[in-house]
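A.B. asks: I have a structure I would like to understand better, so I am pasting it below and will then ask my questions one at a time.
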């Protein structure tokens, strides 16, 4: 009987010991989780641990409806804008947005398109806007003066849709418009996104953008 009671006491003692051992082990596990959470917070807040995020661009992927470079150029002409000015809007809209220009050039007839062209110059914002009126065009909208080309120069603060502006580096132009550029070497300090028959033309000085043209530079 005494032996049986002794065995029972021994079993109870072992149970107490095991129970006491389990609790610290649980606490240690909990502390490990807390330590891991603290480490994650440090990693997320430490800028040195996430250098890649600082160089990721938030620009949408460069996507065009067409794959042919000529059609990409025409697409750029339809989608790009300098400030709020786009190609194909009338002179009344331009005045509503920018006010009266500082100067207006003489109207000239261009036999290539049968249109009457001139330019409005806005010196303080570095913007020259070309207008064209084609009185014999089958589409009546061309009977009004519509914007058909634009040039941005200093001190303009406008930018293209892909955030290129006066002062941007050449490498940024090549990166942001890589899908629209065929000749990345450029010619005579110029890079064309699209073609000279329609698109964007960037002019550089010491690998820095000094002017941006939107429209058709050749007929």
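A.B. asks: Hey, residue 171 hits all of (1) at pLDDT 95 or above; (2) under 18 Å from the mean Cα position of the chain (by Cα) but one; which does it fall short on?
C.D. replies: All conditions pass for residue 171, except number (1).
A.B. asks: A further question on this structure: For residue 50, state whether it is surrounded by 10 or more Cβ atoms within 10 Å (Cβ to Cβ) and modelled with pLDDT under 50.
C.D. replies: Answer is yes for this residue.
A.B. asks: Where in segment 101-219 are there strands (runs of 3 or more DSSP E), lying wholly inside it, with at least 1 residues that are over 29 Å from residue 62 (Cβ atoms)?
C.D. replies: Result: 108-110, 115-122, 127-133.
A.B. asks: Of everything in segment 147-192, what is more than 24 Å from residue 125 (Cβ to Cβ) and surrounded by fewer than 15 Cβ atoms within 10 Å (Cβ to Cβ)? Give them in sequence order.
C.D. replies: 171, 178, 179, 182, 183, 184, 185, 187, 188
The values are calculated or read from the model by the stated rules, or taken from the named source; none is laboratory data. Here the structure is a predicted model, which is why all the values come from computation and not from measurement. Here the Cβ is made from the backbone with ideal geometry for all residues, glycine too, and neighbour counts use every protein chain on show.
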